[in-house]
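Following: one structure in C-alpha cells, then a few remarks.
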Amino acid sequence: MNQEFEVSTRRTILTMLKTQGNLAVSEIAKQLGITEMAVRRHLNTLERDGLIDSRLVRQAMGRPTNLYFLTENADELFPKNYHNLTLDLLGELAAEAGELQVQLLFERRKDKMIGRFEEQMRGKPLADRVKALADIQNANGYMASWDTAEAGGYIINEHNCPISQVANQYNHACHCELLMFETLLDANVQRTECLVKGGLKCSYTIQDK
C-alpha cells in the first residue's frame, strides 16, 4: 500500500467522522471495504497526530466498543469561510456607519491586543521584547521569525498573514499592526515589505529609540 493511498484513506476517515459523527472500527471498515486491522492502523496514526480521540461505549448486548471522533485540531483541516463573513460584516458596518467606524474597529482591536500583551514586554531589554513579540505572532498564525539586523537593531519577518483577505480590502488593519508593534516594543519600527502589497513576507526593521 503506497503512502499516497494511505494518506487518502486517512483523509476519507476524517471526512466520515466529520459527516457521520462517532463511528466504531467495524463501521469504518465496512464503509471503506478494508479490514478492521487496516482501519486500526490508520486510526492509530490519526490519534498519534492528535486529530481523533475515542471513548468506550457500553452496548445493550456484547462487549463495550470504542467510538472514534474528531478533536478540535482536526476541525482546522476542513474548509472555513471566516474571511468572507468578516468582510460581509465590515462591509455592512461601512455602509451603515461609514468607513471611519471600520477604522475605529481596527483601532479598538489594536488597543485590546496591546493591553493583553504589554505586561510580557515590561522591563525587558529590546531583544527579549522582539523575541516575545515574534512568539505572540507565531501563536496567532503569522509564522514569524526574528533576527539581528546587519545595520544594527532587529528584524521580524512574518511569512503568513491570517487576515490577508481582510487586509487586502481594509489597509488600516496593516497600519494598526505597525502601531501595535511600535507600542509593544517601545521602539522605532518600519515595515519594509508587505504580503498584502505583493511581498513574499511582511518584514519589520526595529531600532531602539
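Summary table below
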| item | result |
| --- | --- |
| Cα→Cβ-extended label distance, 7 Å offset, between GLN190 and ASP135, nm | 2.9 |
| The range 9-27 and the range 137-209: distance between their alpha carbon centers, rounded to Å | 40 |
| Over the chain, relative contact order from alpha-carbon pairs under 8 Å, at least 6 apart, % | 13 |
| Difference of contour (0.36 nm per residue) and Cα-Cα distance, MET61 to LEU100 | 7.5 nm |
| Tensor-based shape of the range 2-63 (alpha-carbon gyration tensor, a/c under 1.5 rounded, otherwise prolate or oblate) | prolate |
| Simple label model, 7 Å out from Cα along Cβ direction - GLN20 to GLN169, nm | 3.8 |
| Tensor-based shape of the range 83-198 (alpha-carbon gyration tensor, a/c under 1.5 rounded, otherwise prolate or oblate) | prolate |
| Partners for LYS110 among lysines (Cα-Cα distance below 20 Å; same-chain residues under 8 apart left out) | LYS131 |
| Filtered GluC sites (Glu not before Pro), the range 127-208: DSSP coil and at most 11 other beta carbons within 10 Å | GLU150 |
| Local electrostatic count, GLN169, Cβ distance below 12 Å [Lys/Arg +1, Asp/Glu -1] | -2 |
| 5 angstrom amide H check on GLU193, placed H, neighbours 5+ away | SER203 |
| Global form of the range 46-85, assessed from the alpha-carbon gyration tensor, a/c cut-off 1.5 | prolate |
| Residue of VAL57, VAL130, VAL166 that the Gaussian network model of the chain assigns the largest fluctuation, springs spanning Cα pairs under 10 Å | VAL57 |
| Whole-number percent relative contact order across the range 79-156, with pairs defined as alpha carbons under 8 Å at least 6 apart | 14 |
| Chain lengthening between GLN120 and SER145 when straightened (0.36 nm per residue, less Cα-Cα) | 7.2 nm |
| Volume of the Cα convex hull of the chain, divided per residue and given in Å³ | 196 |
| Pair ALA127, ARG48: separation of 7 Å Cα→Cβ label points (nm) | 3.9 |
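Only the coordinates and a few stated rules stand behind these numbers; no lab work does. Here the structure is a predicted model, which is why all the values come from computation and not from measurement. A quick note on method: Cβ atoms are made from the backbone with ideal geometry, for glycine too, and the neighbour counts reach across all protein chains shown.
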